[in-house]
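A.B. asks: I am attaching a structure below and will ask some questions about it afterwards.
The values are calculated or read from the model by the stated rules, or taken from the named source; none is laboratory data. All figures in this text were calculated on a predicted structure; none of them were measured in a lab. When we count neighbours, we look across all protein chains shown, and the Cβ atoms used for this are built from the backbone with ideal geometry, even at glycine. The area values use the complete protein model at the heavy-atom level, side chains included, leaving out ligands, DNA and RNA. Shrake-Rupley method; radii C 1.70, N 1.55, O 1.52, S 1.80 Å.
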Amino acid sequence: MKALYLTGRAQVEVRDIPIPNCPEDGLLIKIDSVGLCGSDVRTYTVGSAKINYPVILGHENAGIVAAVGSRTSGYAVGDRVVANPAIPCGKCYYCINKMPGLCDALEVAGTSFPGGFAQYMVFHGAMLQRGQIIKVPDEVDLEPMILAELLASVIKAQSDLRVGLGESVVIIGAGPIGCLHAMIAKLRGASVIVLADVSARRVSLSREYGGTHFVVSSEEDLVRTVMKITGGRGADVCISANPSAKPHQQGVELLRKEGRLSMFGGLPKDASMTTLDGNMIHYKRLRVFGAYSYSAADFAKGYDILTEGRIDSRIITHRLPLERMEDGVRAIQDGSAIKVVLKPWMPG
Ligand SMILES: [Zn+2]
Ligand SMILES: [Zn+2]
């Protein structure tokens, strides 16, 4: 089978390797679609402390059961499935206290073991027992289900923020996550949804996905524009969905009193310091939220919303074979793609 290996920083190689054996307590999956995630782009570009080279990335996986282990029940060859890549241990403090996304021993597909950037992938026993695999009915399109993982973290962040009816939400970063935030904010009843990005190209691609106002923040002063939109009061909520620290301070400035800020996007390891005006947080009584990971319940919610057709899957703008993964990285970086999906069976 074909598998895409990341062999070093910004180095990939498609190799022909044997199809892995199906474990007795697991499944062998023929990968239909696998998302090229912002975190994969970051791992490709700057590396990651969580991986050892060579590695097969890919954690947003949807596929078809190709073999069932002899000690596995409940699955049949041909079942269509989407997998939550996160496998909590079930035993640590955070698992016991219903915060499995923060599990001290969290295993993640594509990081802790080979992921879906390949024609076949093993879902091992732990994935079946402690993880989450959802069977997708025949009448539901399989490819958009890879968005369930992104949606899970978006849903978790917005439920922490309690985005509500009639609120104004500013989303800084108009990539796939920004677009999903806009769609979820709309579903939760927000009435003003500002999508901002430094890239004019990204902003123009994001126009159909729930936003009510669009700002190219490299050309226009975002804070001033938001003040104008909100009649000088400031926004109720700001979500920083990008890998840069500057928007954190913009968020502090553009929020109303008791506004809520989510630091949704992780920052590069060597640029993780941020500067916030402490007095603005103090006097405006702002609420600042971290946002990382999600639970199985959030994943299930994301899946349900997708199958109900309430998410516009046209945000998947690019479908590429494994051989063209680096074209996908470039398209994400230059703002010509929203979401890129790799199709391991598409001829290179
Ligand atoms: Zn992802
Ligand atoms: Zn745990």
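A.B. asks: Out of everything in the stretch 154-169 that is open to solvent by less than 20 Å² (accessible area, probe 1.4 Å) and within 27 Å of GLY131 (Cα to Cα), what residue ends up being farthest from the chain's Cα centre (by Cα)?
C.D. replies: Among residues in the stretch 154-169 that are open to solvent by less than 20 Å² (accessible area, probe 1.4 Å) and within 27 Å of GLY131 (Cα to Cα), the one farthest from the chain's Cα centre (by Cα) is LEU161.
A.B. asks: Tell me yes or no: at least one residue of the stretch 158-172 is within 16 Å of ligand 1 (Cβ to nearest atom) and not in a strand (DSSP E or B).
C.D. replies: No, the stretch 158-172 contains no residue that is within 16 Å of ligand 1 (Cβ to nearest atom) and not in a strand (DSSP E or B).
A.B. asks: Let me ask something else. Among what's in the stretch 1-23 and is touching a helix residue (DSSP H, G or I) at 6+ places or on another chain (Cβ under 8 Å) and not aliphatic (A, V, I, L, M), pick the residue that is surrounded by the most Cβ atoms within 10 Å (Cβ to Cβ).
C.D. replies: Taking the candidates together, the pick is PRO23.
Residues checked against (1) part of a strand (DSSP E or B); (2) free of Cβ contacts under 8 Å to residues at least 60 places away in the same chain; (3) among the aromatic types (Phe, Trp, Tyr); (4) in contact with a strand residue (DSSP E or B) (Cβ under 7 Å, 6 or more places away or on another chain):
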| position | (1), (2), (3), (4) |
| --- | --- |
| TYR44 | no, no, yes, yes |
| SER48 | no, no, no, no |
| TYR53 | no, yes, yes, yes |
| HIS59 | no, no, no, yes |
| ALA67 | yes, yes, no, yes |
| SER73 | no, yes, no, no |
| GLY78 | no, yes, no, yes |
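A.B. asks: Has the stretch 236-244 got at least one residue that is of a type in the set (Val, Ile, Thr), assigned to a strand (DSSP E or B) and under 22 Å from ALA337 (Cα atoms)?
C.D. replies: Looking for residues that are of a type in the set (Val, Ile, Thr), assigned to a strand (DSSP E or B) and under 22 Å from ALA337 (Cα atoms), one finds at least one in the stretch 236-244, hence yes.
A.B. asks: Only one residue in GLY116, GLY131, GLY110, GLY175 is of a type outside the set (Phe, Trp, Tyr), touching a Leu at 6+ places or on another chain (Cβ under 6 Å) and within 16 Å of ligand 1 (Cβ to nearest atom). Which one?
C.D. replies: Only one candidate qualifies: GLY110.
A.B. asks: Of LEU36, LEU28, which residue is of a type outside the set (Ser, Thr, Tyr) and within 15 Å of ligand 1 (Cβ to nearest atom)?
C.D. replies: Going through LEU36, LEU28 in turn, just one is of a type outside the set (Ser, Thr, Tyr) and within 15 Å of ligand 1 (Cβ to nearest atom): LEU36.
A.B. asks: Then there is this: Say whether the condition of being over 26 Å from LEU322 (Cβ atoms), outside any helix (DSSP H, G or I), in contact with a Pro (Cβ under 8 Å, 6 or more places away or on another chain) and in contact (Cβ under 8 Å) with a residue 12 or more places away in the chain is met by at least one residue in the stretch 94-103.
C.D. replies: yes
A.B. asks: Could you say whether any residue in the stretch 171-188 is open to solvent by 20 Å² or more (accessible area, probe 1.4 Å), at negative phi and of a type in the set (Gly, Ala, Ser)?
C.D. replies: Among the residues of the stretch 171-188, not one is open to solvent by 20 Å² or more (accessible area, probe 1.4 Å), at negative phi and of a type in the set (Gly, Ala, Ser), which makes the answer no.
A.B. asks: Being more than 23 Å from ILE155 (Cα to Cα) and either small (Gly, Ala, Ser) or within 16 Å of ligand 1 (Cβ to nearest atom) (or both): is that true of LEU57 here?
C.D. replies: Judged against the criteria, LEU57 is a match.
A.B. asks: Let me ask another. Restricting the stretch 71-103 to residues that are exposed (fewer than 15 other Cβ atoms within 10 Å of the Cβ) and hydroxyl-bearing (Ser, Thr, Tyr), which is farthest from ligand 2 (Cβ to nearest atom)?
C.D. replies: The extreme case among them is SER73.
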